[in-house]
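Student: If you scroll down you'll find the structure; I have some questions about it.
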């Protein structure tokens, strides 16, 4: 039975031929209840002997001999893998806010970056992305289509009066496209609400 202590993997000492249990031929006391183990089988973990019913996760109370070949110990607790990750594990740092993401929290990913759901937004205008929205990863920042296109326009044009006028026209065109897209999303949401029986014909959905 393989064990983990403080998150590092250590091979357990096999009770008999690498098995996690064996017929009991000598007396041993359980590390949990301190009573003699009189059953046919016992477990050996953390260099101690256990009743099969006594080697349990301190959080969910599952019998560790039945849920896998690995257990974890930390802060004087014996835990199954799921509870260890839930309490002490992490997915990493959010690429937007640089805060820790708990291991079982849902995340969004873009290439090698990982984000809290609430942080997955344009890092220029803070627009929260909806299903179907396009986004771009530019210089390790998430950008909406409008802000990405705007940056590309500025980056590819020389600095003169004519180029500034062109930038303004293209920026206005992009803004109009974005407004039309948001208006379409609002109408679709209102239609979905009415179809599902929620809302009314004069309800307003603000996607901002």
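The values are calculated or read from the model by the stated rules, or taken from the named source; none is laboratory data. These numbers were taken from a predicted model, which means no experiment stands behind them. Every residue, glycine among them, receives a Cβ derived from its backbone with ideal geometry; neighbour counts consider all protein chains shown.
Student: Sort out for me the strands (runs of 3 or more DSSP E) sitting completely within segment 45-132 that have 1 or more residues that are under 30 Å from residue 145 (Cα atoms) and modelled with pLDDT of 85 or more.
Tutor: Of the strands (runs of 3 or more DSSP E) lying wholly inside segment 45-132, those with at least 1 residues that are under 30 Å from residue 145 (Cα atoms) and modelled with pLDDT of 85 or more span 90-93, 100-102, 107-110, 113-116.
Student: Which of the residues spanning segment 1-27 are surrounded by 15 or more Cβ atoms within 10 Å (Cβ to Cβ) and at pLDDT 50 or above?
Tutor: 24 - this is the single residue of segment 1-27 that is surrounded by 15 or more Cβ atoms within 10 Å (Cβ to Cβ) and at pLDDT 50 or above.
Student: Quick one: in segment 45-76, of everything that is buried (at least 17 other Cβ atoms within 10 Å of the Cβ) and within 24 Å of the chain's Cα centre (by Cα), which residue is nearest to residue 32 (Cα to Cα)?
Tutor: Per the criteria, the residue is 57.
Student: Let me ask something additional. Taking the conditions exactly as written (within 24 Å of residue 120 (Cα to Cα), part of a helix (DSSP H, G or I) and either modelled with pLDDT under 75 or in contact with a helix residue (DSSP H, G or I) (Cβ under 6 Å, 6 or more places away or on another chain) (or both)), does residue 186 satisfy them or not?
Tutor: It is true that residue 186 is within 24 Å of residue 120 (Cα to Cα), part of a helix (DSSP H, G or I) and either modelled with pLDDT under 75 or in contact with a helix residue (DSSP H, G or I) (Cβ under 6 Å, 6 or more places away or on another chain) (or both).
Student: Would you mind telling me which numbered condition in (1) at positive phi; (2) at pLDDT below 70 residue 191 fails?
Tutor: The number of the failed condition is (1).
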